[in-house]
Amino acid sequence: MPSERLAVEREIVVPEAPDEVWEALTEPDRLEEWFATEVELDARPGGEGVFRWGDGDERRAVVRELEEAERLVLDWDDGGMVVLELEPVVEGTRVRVIESSPEFAPALGLRALACTALAA
């Protein structure tokens with residue numbers, strides 16, 4: 001029986017300009033400030049990424065889509081996917097995150113992480 005794909009969607013407005021938010025989502029040094037302990041990311045379509053945490057956990061990704069300062073889509077090595085969309089608004093930038101996964105636990109964990117990181 002094929003596993004059901006689960007998705008978690010979150011939208012938040014942050015007080016920074018889209019270019020600043022884009023840097024925080026695509027530059028390894030900036031990602032290390034809020035997402036993972038060590039990051040390698042080739043932010044271009046087909047580029048690869050490795051995200052490592054202090055507890056030894058590691059996730060790999062491939063950039064499926066990239067529209068500068070607007071949209072980033074990563075395919076995770078576990079069959080999951082994350083879509084990040086940026087939209088300029090009067091208050092700063094609206095960030096929409098859609099995480100889908102063939103398993104519930106990774107999607108739920110990433111939702112919690114995204115909510116915490118983007119609210120900071």
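Bear in mind that the values in this text are calculations on the coordinates, not laboratory data. All figures in this text were calculated on a predicted structure; none of them were measured in a lab. Every residue, glycine as well, gets a Cβ built from its backbone with ideal geometry; the counts of neighbours run over all protein chains shown.
For the charge dipole of segment 6-119, defined by +1 on Lys and Arg C-beta atoms and -1 on Asp and Glu C-beta atoms about the Cα centroid, which residue among LEU31, GLY49, VAL97 has the Cα displaced farthest towards the positive pole?
Ranked along the dipole, the leading option is VAL97.
Around LEU84, with a cut-off of 9 angstrom between Cβ atoms, what is the net charge of the other residues, counting Lys and Arg +1 and Asp and Glu -1?
In short, +1.
Sorted by average packing, counted as other Cβ atoms within 10 angstrom per residue and highest first, what order do 75-85, 8-18 take?
The densest-packed peptide leads the list: 75-85, 8-18.
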